[in-house]
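Below you'll find the structure, written out as structure tokens, and then a few comments.
The values are calculated or read from the model by the stated rules, or taken from the named source; none is laboratory data. The structure presented is a predicted model; accordingly, all values stated were derived computationally and were not measured. Methodologically, a virtual Cβ is constructed for each residue, glycine included, from the backbone with ideal geometry; neighbour enumeration extends over all protein chains shown.
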Amino acid sequence: MTNGTQASPRVVALVGPYSSGKTTLLENILFMTDTTRRRANGERVFADDGVEAKALSMGVDINVAEAGYLGDRYIFIDCPGSIELMQEMRNAAYAVDVAIVVTEPEPDKLQALSPLLHELEAGGIPHLLFINKIDHSNVHIRDLARSLDEVSVLPSVLRHVPIREDGKINGFVDLASRRAYRYGVDGSREITETAASYIEQVADERFQMMERLADFHDDLMEELLEDIDPGTEEIFQDLGADLCAGNIMPVLMGSALNSYGLRRLMKVLRHEMPDFSLACNRLMPPKSEDKVAYVLKTKYLPHMGKVSFARVLKGTVKDGDQVGDSKISGLFKISGPELKKIGQANAGDIVAIARLGGAAAGDTLGGTGAQKPEHLHAVYAQALEVHDRKDEARLSEALTKLIEEDPSFELEHREDTGQLLLWGQGEIHMRTARARLVDKYGVGVAFSFPRVPYKETIRRSKLQHTRYKKQSGGHGQFGDVVIEVKPRGLGQGFEFEENIHGGSVPKQYIQSVEAGVKEYLKQGPLGFPVVDVAVTLKDGQCHNVDSSDMAFKTAGRMAMADALPGCEPVLLEPIEHVRVMAPSIHMAKINGMITSRRGQIMGFDARAGWPGWDLIDAQMPASEMQDLIIELRSVTQGTGTFEHEFDHLNELGGKLKEKVLDGHVVARRT
């Protein structure tokens, strides 16, 4: 907890679901602190004008702005609200002193806070909640508090109760000071006498607040047991200490659009939020050099190239300095979309650094052993294909930049289908990728649904004699082989053996036969890669002049083509092991969703560290998983997620097999 002026700025993250009002809150704080001249009544002051934001009509990047309040410097980081852009919030919030979680005053919308709150709790990031749009709510504040306790590991501590007259909220009572405030037309507040009808309610809510604080303060517990009314200063000190220690989640309220409650919020930040030392301890590597910085964001900007947003953790950084293995090539102050050249940055500052080679979001420069935010598990894939082969090099370069900017994207080169897959967090996330690749980097690339990596195998054995003979003048081609093809158990893979007697096939040609067999296995009689077969070379013939490596390779491939159609080929589909995680109240719908996708539920468990969440283990065909995350989020108010990995292959028959063999796409389309 800090008081008075400090050299290091106070860094605050604004997080919350999409449309909760984070950006409006930031813009009106900037107006209130005389940082900007315009007030955000629906008009953006720091609009995200990137091609991705325009394509989605929503912010997709963090937005950084600085303000001064009562002699202190504040740097605010406005984070995207979409759950699919969680990596952006994760990397940025890891660097801040405190986070403000913005939400709407509707109990049924609070469930969407659960993933955000867990991110902050797991990262040890102190945070408070700002209930926005309170002027449009008819919900009782205690009902909201109960709903908050269901989604937060930390106990929620109400700091205010609203004053409601004639069905309209026009002020609030501060429970710590027991002062009542009325909202002014211009967003200002004035102290007023607490209405008589609120005295009993205020006393009850205040006592509940102190009870929660008493869980962490023995002195306060003793005072409550002895019916001693604690002093206001003591309560404020306990509130600040518990916020810094991560014991509680204070809950404030107001209306960002009308600037209601903003001054009270800023007062709480000024007197109760942690100082830079807490974040520094969290971020500082065990072995550090004289200058250390944490990279929270990488961007590629027109005319500037790579720019890294970083928080200086130790030392004073100047242009040309070496920080770890990276050289500083230009320092800039960040003000919304504008970058202003500066000479140096001090510990605690957040700055933009140009051309910071070898550094990615989440990296700590100038030390070793630092922890970094984990990357989200990819849950949604699209196949990429350039319109013109000449664009392949440009696509590779653009994808490198894309993943640097957002490390929650992943690339997969799938050999069995020959496709390049881009994995991400969902449909919105993939649309940002499309906008960046096509509109920002100018790469002609098409997105499509990935092909399902079906396989095939056989049920019966067969002995096959095949001769390859070709005369074209001069030396001809001759290869003669006898092979036995046998099925193997699922998952046992391919096996090749030779059982040649008398040198009927010379040793130098045996490997060529194997190469021909393997070449055929890339596409069997059903049109898919063949797995789990054993092939034995049993006999053959050789010509002293016309035999060659190529001839026996061709003979091996032809023998497989002759044999396998008579071995009862069967189609195999890949089955994924899926771990679905969501709030318990949605599990009945999820069970139905899994079974409707031909999934088999293997077990249930509580999700460790996530109160009120469950985990379902299931097996599901890969063909049913293309849009799984879309439906899962639809039935869980945007909170559900899953992890997956390949488990095994399973035989596919009936009409589904017929559709696959007829060339129909089995993967669900959205």
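Strands (runs of 3 or more DSSP E) wholly in the stretch 118-200 with at least 1 residues that are in contact with a helix residue (DSSP H, G or I) (Cβ under 6 Å, 6 or more places away or on another chain), at pLDDT 85 or above and of a type outside the set (Asp, Glu) - which ones? It would help to see each step written out before you state the result.
Working: elements: 127-131, 156-158, 160-165, 168-174, 179-183, 189-192.
Ranges flagged: 127-131, 156-158, 160-165, 168-174.
What's the number of the only condition in (1) surrounded by 16 or more Cβ atoms within 10 Å (Cβ to Cβ); (2) farther than 30 Å from residue 610 by Cα that residue 597 fails to meet?
Every listed condition holds for residue 597 apart from (2).
Considering only residues of the stretch 413-440 that are in a strand (DSSP E or B) and of a type outside the set (A, V, I, L, M, F, W, C), which is nearest to residue 18 (Cα to Cα)? Break it down into steps so the answer makes sense when it comes.
Restricting attention to the stretch 413-440, the residues satisfying the condition of being in a strand (DSSP E or B) are 413-414, 419-424.
With of a type outside the set (A, V, I, L, M, F, W, C) added as a condition, the list becomes 413-414, 419, 424.
Numbers: 413: 33, 414: 34, 419: 33, 424: 19 Å.
The selected residue is 424.
Can you spot a residue in the stretch 641-660 that is within 30 Å of residue 463 (Cβ to Cβ), outside the structural domain of residue 120 (by TED's automatic domain parsing), part of a loop (DSSP other than H, G, I, E, B) and in contact (Cβ under 8 Å) with a residue 40 or more places away in the chain?
The answer is yes; a qualifying residue exists.
Can you name every residue in the stretch 472-493 that is at positive phi and surrounded by 15 or more Cβ atoms within 10 Å (Cβ to Cβ)?
So in the stretch 472-493, the residues at positive phi come out as 473-474, 491, 493.
Matches in the stretch 472-493: none.
Tell me the residue from 102, 96 that is over 16 Å from residue 279 (Cβ atoms), more than 18 Å from the chain's Cα centre (by Cα) and at pLDDT 95 or above, please.
Working: 96 fails: over 16 Å from residue 279 (Cβ atoms).
That would be 102, the only listed residue that is over 16 Å from residue 279 (Cβ atoms), more than 18 Å from the chain's Cα centre (by Cα) and at pLDDT 95 or above.
Under 6 Å between Cβ atoms, at least 6 apart or on separate chains: pull out the pairs that start in the stretch 409-423 with a residue that is hydroxyl-bearing (Ser, Thr, Tyr) and end on any residue that is in a loop (DSSP other than H, G, I, E, B) and surrounded by 15 or more Cβ atoms within 10 Å (Cβ to Cβ).
Once the first residue is hydroxyl-bearing (Ser, Thr, Tyr) and sits in the stretch 409-423, its partners that are in a loop (DSSP other than H, G, I, E, B) and surrounded by 15 or more Cβ atoms within 10 Å (Cβ to Cβ) give 417/451; 417/453.
From the list 628, 661, 656, 652, pick out the single residue that is over 29 Å from residue 614 (Cβ atoms), crowded, with 18+ Cβ neighbours inside 10 Å and either modelled with pLDDT under 95 or of a type outside the set (Lys, Arg) (or both). Even if it seems obvious, please write down each step before you answer.
Numbers: 628 fails: over 29 Å from residue 614 (Cβ atoms); 661 fails: crowded, with 18+ Cβ neighbours inside 10 Å; 656 fails: crowded, with 18+ Cβ neighbours inside 10 Å.
Result: 652 is the single residue among 628, 661, 656, 652 that is over 29 Å from residue 614 (Cβ atoms), crowded, with 18+ Cβ neighbours inside 10 Å and either modelled with pLDDT under 95 or of a type outside the set (Lys, Arg) (or both).
Any residue that is among the small types (Gly, Ala, Ser), touching a residue at least 40 places away in the same chain (Cβ under 8 Å) and in the same structural domain as residue 621 (by TED's automatic domain parsing) - is there at least one of those in the stretch 538-549?
Residues of the stretch 538-549 that are among the small types (Gly, Ala, Ser), as a first pass: 540, 547-548.
Next cut, touching a residue at least 40 places away in the same chain (Cβ under 8 Å) only: 540, 547-548.
So of that shortlist, the ones also in the same structural domain as residue 621 (by TED's automatic domain parsing) come out as none.
No: zero hits.
Can you name the residue in the stretch 441-489 that is part of a strand (DSSP E or B) and of a type in the set (Phe, Trp, Tyr) and, of all such residues, is nearest to the chain's Cα centre (by Cα)?
Looking only at the stretch 441-489, we keep the residues that are part of a strand (DSSP E or B), and these are 445-448, 455-458, 462-470, 477-487.
Next, from what is left, pick out any that are of a type in the set (Phe, Trp, Tyr): 447, 468, 478.
On the way: 447: 20, 468: 55, 478: 58 Å.
Result: 447.
Please work out which residue is surrounded by the fewest Cβ atoms within 10 Å (Cβ to Cβ), limiting yourself to the stretch 277-322 and to residues that are at pLDDT 95 or above and aromatic (Phe, Trp, Tyr).
Filtering the stretch 277-322 for residues that are at pLDDT 95 or above and aromatic (Phe, Trp, Tyr), the one surrounded by the fewest Cβ atoms within 10 Å (Cβ to Cβ) comes out as 309.
Mind telling me which of the residues 257, 239, 313, 252 ends up being touching a helix residue (DSSP H, G or I) at 6+ places or on another chain (Cβ under 9 Å), among the hydrophobic types (A, V, I, L, M, F, W, C), assigned to a strand (DSSP E or B) and assigned by TED's automatic domain parsing to the domain that holds residue 134? Outline the logic, then answer.
Values: 257 fails: assigned to a strand (DSSP E or B); 239 fails: assigned to a strand (DSSP E or B); 313 fails: assigned by TED's automatic domain parsing to the domain that holds residue 134.
Sole residue among the options that is touching a helix residue (DSSP H, G or I) at 6+ places or on another chain (Cβ under 9 Å), among the hydrophobic types (A, V, I, L, M, F, W, C), assigned to a strand (DSSP E or B) and assigned by TED's automatic domain parsing to the domain that holds residue 134: 252.
Report whether or not residue 266 is in a helix (DSSP H, G or I), without any contact (Cβ under 8 Å) to a residue 60 or more places away in the chain and of a type in the set (A, V, I, L, M, F, W, C).
Details: in a helix (DSSP H, G or I): yes; without any contact (Cβ under 8 Å) to a residue 60 or more places away in the chain: no; of a type in the set (A, V, I, L, M, F, W, C): yes.
No, not satisfied.
What about residue 149, is it surrounded by fewer than 21 Cβ atoms within 10 Å (Cβ to Cβ) and either in contact with a Lys or Arg (Cβ under 8 Å, 6 or more places away or on another chain) or free of Cβ contacts under 8 Å to residues at least 12 places away in the same chain (or both)? If you could, list the steps in order and put the result at the bottom.
Values: surrounded by fewer than 21 Cβ atoms within 10 Å (Cβ to Cβ): yes; either in contact with a Lys or Arg (Cβ under 8 Å, 6 or more places away or on another chain) or free of Cβ contacts under 8 Å to residues at least 12 places away in the same chain (or both): yes.
Criteria met by residue 149.
All but one of (1) modelled with pLDDT of 95 or more; (2) touching an Asp or Glu at 6+ places or on another chain (Cβ under 7 Å) hold for residue 260; which doesn't?
Unmet for residue 260, out of (1) modelled with pLDDT of 95 or more; (2) touching an Asp or Glu at 6+ places or on another chain (Cβ under 7 Å): (1).
Hey, could you check the stretch 563-573 for residues that are assigned to a strand (DSSP E or B) and in contact with a Ser or Thr (Cβ under 8 Å, 6 or more places away or on another chain) and say which is surrounded by the fewest Cβ atoms within 10 Å (Cβ to Cβ)? It would help to see each step written out before you state the result.
As a first pass, look at the stretch 563-573 and keep what is assigned to a strand (DSSP E or B): 569-573.
Those left that are additionally in contact with a Ser or Thr (Cβ under 8 Å, 6 or more places away or on another chain): 569-570, 572-573.
Details: 569: 19, 570: 16, 572: 23, 573: 22.
Among those that are assigned to a strand (DSSP E or B) and in contact with a Ser or Thr (Cβ under 8 Å, 6 or more places away or on another chain), it is 570.
Of all residues in the stretch 590-604 being outside any strand (DSSP E or B) and in contact with a strand residue (DSSP E or B) (Cβ under 9 Å, 6 or more places away or on another chain), which is nearest to residue 619 (Cα to Cα)?
Step one: filter the stretch 590-604 for residues outside any strand (DSSP E or B), giving 590-599.
Keeping just the survivors that are in contact with a strand residue (DSSP E or B) (Cβ under 9 Å, 6 or more places away or on another chain) gives 590-591, 593-595, 597-599.
Working: 590: 13, 591: 12, 593: 13, 594: 9, 595: 10, 597: 10, 598: 9, 599: 6 Å.
In this case the residue turns out to be 599.
Could you tell me whether any residue of the stretch 531-543 is part of a helix (DSSP H, G or I), of a type in the set (Asp, Glu) and on the phi < 0 side of the Ramachandran plot?
Looking through the stretch 531-543, none of the residues is part of a helix (DSSP H, G or I), of a type in the set (Asp, Glu) and on the phi < 0 side of the Ramachandran plot.
If residue 533 satisfies every condition in (1) of a type in the set (Val, Ile, Thr); (2) touching a Lys or Arg at 6+ places or on another chain (Cβ under 7 Å); (3) surrounded by fewer than 24 Cβ atoms within 10 Å (Cβ to Cβ) but one, which is the exception?
If we test residue 533 against (1) of a type in the set (Val, Ile, Thr); (2) touching a Lys or Arg at 6+ places or on another chain (Cβ under 7 Å); (3) surrounded by fewer than 24 Cβ atoms within 10 Å (Cβ to Cβ), just (3) comes out false.
Where residues in the stretch 345-376 are in a loop (DSSP other than H, G, I, E, B) and in contact with an Asp or Glu (Cβ under 7 Å, 6 or more places away or on another chain), which of them is modelled with the lowest pLDDT?
Once the filter is applied, the top-ranked residue is 358.
Could you tell me which numbered condition residue 229 fails, if it satisfies all but one of (1) assigned to a helix (DSSP H, G or I); (2) surrounded by fewer than 18 Cβ atoms within 10 Å (Cβ to Cβ)?
For residue 229, the exception is condition (1).
Can you run down the residue pairs with Cβ atoms below 6 Å, 6 or more apart or on separate chains, where the first is in the stretch 444-461 and closer than 29 Å to residue 391 by Cβ and the partner is of a type in the set (Ser, Thr, Tyr)?
Listed by first residue and then by second, the contacts come to 451/417; 452/623; 453/417.
Which of the residues spanning the stretch 255-283 are on the phi < 0 side of the Ramachandran plot and among the small types (Gly, Ala, Ser)? If you could, list the steps in order and put the result at the bottom.
Of the stretch 255-283, the ones on the phi < 0 side of the Ramachandran plot are 255-258, 260, 262-283.
The answer is 255, 256, 277, 279.
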